[in-house]
Amino acid sequence: MDGGTRQGIDLTRVLNAPQRRVFAAWTSPEDFAAWYGGEADVPLDRVSMDVRPGGSWSLVIVMPGVEMPFHGVYREVSEPDGLVLTLKDGSAPKESEGETITVTFTDLGHGTTELAFQQRGGNLTPEQYAAAEDGWEAFFDALAARLATHP
């Protein structure tokens with residue numbers, strides 16, 4: 001793909017967890033805080049999730065000397081099949097809707113689930129999308145580890 005026209009991120013990951021457990025990992029504050037941010041710390045008292053269409057979510061990733069706030073709104077909640085939500089970081093303009101995240105959870109049987117992830121919005125440069133994709137890959141590694149240790 002031409003790096004100059006990149007408009008988003010598409011990732012697919014097969015997780016060793018049932019579909020409902022994967023959905024819960026995206027919608028429970030304890031789970032979400034454990035994997036969002038990868039190796040970075042997300043204090044549970046800095047996570048807010050109102051998981052319903054129109055409800056908002058927010059969290060803060062805390063690293064030495066820096067705090068990175070993220071927030072957005074749930075557009076669609078289809079338990080256990082997936083979510084559509086907006087995502088903004090601290091640098092996003094107030095009037096911007098931010099990026100749109102679509103995650104679909106497909107039951108593959110035998111306790112495994114395919115996570116299909118899409119980020120769209122066109123608010124980032126191709127370089128920023130590449131960096132964000134690396135970030136999501138690390139987050140999904142942390143998600144897989146969370147599901148392994150908290151089935």
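The values are calculated or read from the model by the stated rules, or taken from the named source; none is laboratory data. Computed from a predicted model, the values in this text were never measured in an experiment. Here Cβ is always computed from backbone atoms with ideal geometry, including for glycine, and neighbour counts include all displayed protein chains. Keep in mind that these areas ignore ligands, DNA and RNA; they rest on the heavy atoms of the full protein, side chains included. Shrake-Rupley method; radii C 1.70, N 1.55, O 1.52, S 1.80 Å.
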Checklist outcome for this item: For region 32-49, the count of residues that are modelled with pLDDT of 95 or more and in contact with a helix residue (DSSP H, G or I) (Cβ under 7 Å, 6 or more places away or on another chain) equals 9
Item to check | Where Ser91 falls short, out of the listed (1) modelled with pLDDT under 95; (2) in contact with a Phe, Trp or Tyr (Cβ under 7 Å, 6 or more places away or on another chain) | outcome: (2)
Item to check | Test: residue in region 95-102 that is in a helix (DSSP H, G or I) and without any contact (Cβ under 8 Å) to a residue 40 or more places away in the chain | outcome: no
Item to check | Residues of region 50-70 that turn out to be crowded, with 17+ Cβ neighbours inside 10 Å and within 14 Å of Thr27 (Cα to Cα), as a count | outcome: 3
Item to check | Some residue of region 33-45 being in contact (Cβ under 8 Å) with a residue 24 or more places away in the chain and in contact with a Leu (Cβ under 6 Å, 6 or more places away or on another chain) | outcome: yes
Checklist entry - For Asp107, which of the numbered conditions (1) in contact with a helix residue (DSSP H, G or I) (Cβ under 6 Å, 6 or more places away or on another chain); (2) outside any strand (DSSP E or B) fails to hold? => result (2)
Checklist entry - Is one or more of the residues making up region 4-15 in contact (Cβ under 8 Å) with a residue 60 or more places away in the chain, open to solvent by 30 Å² or more (accessible area, probe 1.4 Å), of a type outside the set (A, V, I, L, M, F, W, C) and in a helix (DSSP H, G or I)? => result yes
Checklist entry - So Val73 clears everything in (1) more than 29 Å from Pro151 (Cβ to Cβ); (2) in contact with a Phe, Trp or Tyr (Cβ under 6 Å, 6 or more places away or on another chain) except one condition, right? Which one? => result (2)
Checklist entry - Restricting to region 24-78, what's the tally of residues that are among the aliphatic types (A, V, I, L, M) and part of a strand (DSSP E or B)? => result 10
Checklist outcome for this item: Subset of region 117-151, residues more than 20 Å from Lys88 (Cα to Cα) and either open to solvent by less than 50 Å² (accessible area, probe 1.4 Å) or part of a helix (DSSP H, G or I) (or both), comes to Asp141, Ala142, Leu143, Ala144, Ala145, Arg146, Leu147, Ala148, Thr149
Checklist outcome for this item: If we keep only residues of region 91-110 that are open to solvent by less than 60 Å² (accessible area, probe 1.4 Å) and small (Gly, Ala, Ser), then the residue nearest to Gly8 (Cα to Cα) is Gly98
